[in-house]
Structure formats: structure tokens, C-alpha cells
Amino acid sequence: MNSIGGHTLGLVGYHMNPATCGVARFNRALAASIGVEIVSLSAWLKRNERSGFILSIKPSELDSGDSESLLRALVSRTFRSSAVILHEYLGSELDLQLAMHIKNCIAVDDVIADSARSVNLLVKTGFAPGMGRFEVKRPADVTLISMGMAHKINSAGYEKLSKIIRNDSRRFQLRLAAAVHEGYNVAEAFELVPKVVGHCWGGELFFLGFISDEVMSQELAQSHAAVLFGQNGARQSSSSILGAMVHGTPVITALDSNSSSWMKHGETVFDVNELVNFPTTEELVYVSKNAQAHVQGMTFHKLAQAIGFSNR
């Protein structure tokens, strides 16, 4: 493991989830590059030995308790073998103490560095590296799009479909988007959804996170089928299912005894429980046309008329 001045080196962060915090993303990449652990600020402050760590935080994001604890720790000792990455310098007491008491300081841009040099002339100017490049993969033979509320993900359907395509020689790619219901933790949902689906899905998986309707429309238009499994069987109350059908994208779902009567396997949808092999191109086209024709009148305008309202 790497070290500064003979001490074991770790990286100290405040917000720890890269899905919801830019500094957390920065810290994850830097820690991976160095080959060290990331320690939360609260856990680090409880340690007897705090030297040999890189502090990488935004002081303005700390709550009052953590801010006061860090201030006391800084004033009580000089972390001679530690380092700090300055993501901001707003002139607060904590900003000042970080720059003064930790001699090895690097700021992520010129403005921050110039401000911090008012108390430490040795502050270096650094930068925030961009996202690393990923391998650009060739288009899959079969592209599948899946979407829905994160808390309604039904892993059983993905597992069944994965078994069906296991013996198919074509390369499948599942592109997964998720929305998060009000009251649910966005960071936890975005971490959990790809794990849950990825555990059941044997093929290639791309997690798209939350995307706009415009982007989803493009995804649907470019996909061979939409894979939509909710907590219950398919219903016409599912805007995800009807939205896919409007786009002419055939739907693979799960039917049950309460599914809408017009949803029939091999006619308007594909029931994963009835599939033996992945549908042929001809079958996909047949089902998509039938479904699109059925839902063409299921619009908000028609719904408004049904409840007695219409455009004037």
C-alpha cells in the first residue's frame, strides 16, 4: 500500500456515494488510482492516528458537528505527513485551518489555489480529471430496453428471460433505466437496481440511470423489444408498457389472471412465462403492429374526453 512519510495512506471523504456527489466520484477514482481505501470523515475523526491520509472534502457541505470536530482536530495537531485536496476555498474558518495546518495542499483550480495562498504560499494548483474512457462496444445483435420505478423492479422476469436467451447465439444487450419514487433514496436506488437486475441477467447490461422522456423515446425507437416486469402482471395502467407500444416496440412482460384482457401472448405482448425461445424478427414485428394499433386511441386527450373534459 502507498504511504506518505512512512504512514499508511487512505483517502478521507465526506459524502461517500458517487451517484449523488461529484467529490465522491472524484474520490473513488483517485483512491482507485492510488490503490487505497476511502474512509468517511466521521470514521477518520474517531481514529487515534490520523496522519498519512489525504483529505478530499468540500468544507461547506459538512454539517456543524463534523465541521466543529474537524476544526478541533486541526487546531490540536499539525498533520505533517497528511495532504488535503481543496475543492473550494470560501474563506471560512475551516477553509483557513485546512490550508494552514496541512502543509501539503493542492487545489483543483487556479482560483481556489490563489485564494488559499493567502494563508499558505505552498498551495499547489491541480485539476479534476475527467471520466475515464470505456471500451466502445460494437452494436449488439439484439438490443433490449427496460424501464420503470426502482422500487417496483421484479427480478424474477429478468431471470426467466436470461435463461431463455442463454442458448441463443446472438449477442444481447439490456439497457436499463430507472425512476425513483418520491420519498425513496435516489442514491440507494441507483446502486441497488443494477445490482439486482445484474445478478439475474446473464447478458450484457448497461445501466442508464434516470433519463428524460425524449431520451427514452430514442431508446425505444432503437431497441428490438422492451422488457417490462413490474411487481404484478402486465396492466394497461402501466405507462411504461403503453409507451413502448405507442413507439411500435414489442413488449416482453409477465401476464397473470388480472392482466388486461387484450394483452395476449403472441398477439399484443410476449409473456416471458410462455416463451421457449426468443421471438423471431417476424414475431416481433407482428406483435408490435398489433399492440400499436390497439393503443393508438389511448391518449391523454381521449382520457380527458372520457371524464368530461375536452379542448375548447
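List of remarks:
- The condition (being over 14 Å from GLY13 (Cβ atoms) and either of a type outside the set (S, T, N, Q) or more than 32 Å from the chain's Cα centre (by Cα) (or both)) is satisfied by just one residue among LEU45, LEU90, LEU41: LEU90.
- Residue in region 94-106 that is surrounded by fewer than 13 Cβ atoms within 10 Å (Cβ to Cβ) and either on the phi < 0 side of the Ramachandran plot or over 29 Å from the mean Cα position of the chain (by Cα) (or both) present: no
Okay, residues lined up against (1) surrounded by 15 or more Cβ atoms within 10 Å (Cβ to Cβ); (2) more than 18 Å from ALA24 (Cβ to Cβ); (3) polar (S, T, N, Q):
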position	(1), (2), (3)
VAL39	yes, no, no
TRP44	yes, no, no
GLU49	no, yes, no
ILE54	yes, no, no
ARG72	no, yes, no
SER76	no, yes, yes
VAL84	yes, no, no
GLY91	no, yes, no
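- Output for region 264-294, where each listed residue is of a type in the set (A, V, I, L, M), surrounded by 18 or more Cβ atoms within 10 Å (Cβ to Cβ) and farther than 21 Å from SER155 by Cα: LEU284, VAL287, ALA291
- LYS264 in contact with a Gly (Cβ under 9 Å, 6 or more places away or on another chain) and at negative phi: no
- ALA178 passes every criterion in (1) in contact with a Leu (Cβ under 6 Å, 6 or more places away or on another chain); (2) modelled with pLDDT under 85; (3) not polar (S, T, N, Q) apart from (1).
- Test result for GLY148, crowded, with 16+ Cβ neighbours inside 10 Å, in contact (Cβ under 8 Å) with a residue 40 or more places away in the chain and of a type in the set (Gly, Ala, Ser): yes
- Subset of region 70-85 [modelled with pLDDT of 85 or more and farther than 19 Å from GLY10 by Cα]: LEU71, ARG72
The values are calculated or read from the model by the stated rules, or taken from the named source; none is laboratory data. Keep in mind that what you see is a predicted model, and the values were worked out from it rather than measured. Neighbour counts are summed over all protein chains in view; Cβ atoms, including those assigned to glycine, are modelled from backbone coordinates with ideal geometry.
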